[in-house]
Amino acid sequence: MQRVGFVLLNGLCAAFLVWLGGFIAFHQHIRTKTSESTEPADAVVVLTGGRNRISEALRLYNEGLGKVLIISGVAPEATLEDLEKQNNAALEREDGEVILGIEATNTIENAIEVSEIIRRRGIQSVRLVTSYYHMPRSKEEILAHNPDLKIIPHPVFSQNVSSKWWRRPKSFYLIAAEYNKFLFVYFKNTLHRIFERD
């Protein structure tokens, strides 16, 4: 019985070390992945839910980095003017098109909502704007519905999420939860692609 417990404990320790190594690599990747590209896309897509996302998307759209601005996850009663006021940002372009997606309430629904919009408009490339820690999972969810879509990641950083996660429990829990969700989505979509080929 003691031997079984010892083997189980060793297995749990090994699994935790593997998870921790992956977590550190994940954190390093998302912290160093920035978007310096000024390459335009067919659309700027922003997923609501994090600080500075909408203001950054409006800035990119005003600079002409997309013909269409898609804001996914908007409250049904909200207007573009409401979003501008809340985010201290303004739409300056008179051309183009702004689409408010009001159906999505989470990342999975964001991906479905965005996919339906881009398919209807024949969009082949997007500049994706979301929080840096949320980017890998968001990309994976959208690509699962649109494998041929070109995505230019545009991560948004927030001072509320510390890069020194070992000193800030809230930052650690946020990034660790996102890492776990990303792993689930990645393996789910990988298995789906394998079985789809068969």
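The values are calculated or read from the model by the stated rules, or taken from the named source; none is laboratory data. From a predicted model like this one, the values you see are computed outputs, not experimental measurements. Here the Cβ positions follow ideal geometry from the backbone for every residue, glycine too, while neighbour counts run over all protein chains shown.
May I ask you to list the residues in the range 65-84 that are surrounded by 11 or more Cβ atoms within 10 Å (Cβ to Cβ) and charged (D, E, K, R)? Even if it seems obvious, please write down each step before you answer.
To start, the set of residues in the range 65-84 that are surrounded by 11 or more Cβ atoms within 10 Å (Cβ to Cβ) comprises 65-75, 78-80, 82-84.
Once the filter is applied, which keeps residues that are surrounded by 11 or more Cβ atoms within 10 Å (Cβ to Cβ) and charged (D, E, K, R), the range 65-84 yields Lys67, Asp82, Glu84.
Go through (1) touching a residue at least 12 places away in the same chain (Cβ under 8 Å); (2) surrounded by fewer than 19 Cβ atoms within 10 Å (Cβ to Cβ); (3) assigned to a helix (DSSP H, G or I) one by one and return the number of the condition Glu116 breaks.
With respect to (1) touching a residue at least 12 places away in the same chain (Cβ under 8 Å); (2) surrounded by fewer than 19 Cβ atoms within 10 Å (Cβ to Cβ); (3) assigned to a helix (DSSP H, G or I), Glu116 is out only on (1).
Against the condition more than 24 Å from His145 (Cα to Cα) and within 19 Å of the chain's Cα centre (by Cα), how does Glu94 come out, does it pass?
Working: more than 24 Å from His145 (Cα to Cα): yes; within 19 Å of the chain's Cα centre (by Cα): no.
Answer is no for this residue.
Give the residue that is surrounded by the most Cβ atoms within 10 Å (Cβ to Cβ), with candidates limited to residues of the range 145-187 that are at pLDDT 90 or above and basic (Lys, Arg).
Lys181
Please name all residue pairs, on different chains or six or more residues apart, with Cβ atoms under 7 Å, provided the first residue is in the range 47-64 and is buried (at least 17 other Cβ atoms within 10 Å of the Cβ) and the second residue is in a helix (DSSP H, G or I) and not hydroxyl-bearing (Ser, Thr, Tyr).
Here the result reads Leu47/Arg53; Leu47/Asn110; Thr48/Ile54; Gly50/His134; Ile54/Leu83, each pair linking the range 47-64 to a residue that is in a helix (DSSP H, G or I) and not hydroxyl-bearing (Ser, Thr, Tyr).
Among Lys170, Lys164, Lys188, which is assigned to a loop (DSSP other than H, G, I, E, B) and without any contact (Cβ under 8 Å) to a residue 40 or more places away in the chain? Write out each step before concluding.
Numbers: Lys170 fails: assigned to a loop (DSSP other than H, G, I, E, B); Lys188 fails: assigned to a loop (DSSP other than H, G, I, E, B).
Of the residues listed, the single one that is assigned to a loop (DSSP other than H, G, I, E, B) and without any contact (Cβ under 8 Å) to a residue 40 or more places away in the chain is Lys164.
Can Val129 be described as touching a residue at least 12 places away in the same chain (Cβ under 8 Å), within 14 Å of Ile70 (Cα to Cα), not in a helix (DSSP H, G or I) and not polar (S, T, N, Q)? Outline the logic, then answer.
Numbers: touching a residue at least 12 places away in the same chain (Cβ under 8 Å): yes; within 14 Å of Ile70 (Cα to Cα): yes; not in a helix (DSSP H, G or I): yes; not polar (S, T, N, Q): yes.
For Val129, the condition - touching a residue at least 12 places away in the same chain (Cβ under 8 Å), within 14 Å of Ile70 (Cα to Cα), not in a helix (DSSP H, G or I) and not polar (S, T, N, Q) - is met.
Only one residue in Ala111, Ala144, Ala176 is aliphatic (A, V, I, L, M), under 15 Å from Gly49 (Cβ atoms) and part of a helix (DSSP H, G or I), so which one is that?
Values: Ala144 fails: under 15 Å from Gly49 (Cβ atoms); Ala176 fails: under 15 Å from Gly49 (Cβ atoms).
Criteria check complete, one pass: Ala111.
Would you confirm, using the coordinates I've provided, whether Glu77 is farther than 30 Å from Trp166 by Cβ and outside any helix (DSSP H, G or I)?
On the way: farther than 30 Å from Trp166 by Cβ: yes; outside any helix (DSSP H, G or I): yes.
It is true that Glu77 is farther than 30 Å from Trp166 by Cβ and outside any helix (DSSP H, G or I).
Which of the residues spanning the range 127-143 are aliphatic (A, V, I, L, M) and crowded, with 18+ Cβ neighbours inside 10 Å?
We begin by selecting, within the range 127-143, every residue aliphatic (A, V, I, L, M); these are 128-129, 135, 142-143.
Leu128, Val129, Met135, Ile142 - these are the residues of the range 127-143 that are aliphatic (A, V, I, L, M) and crowded, with 18+ Cβ neighbours inside 10 Å.
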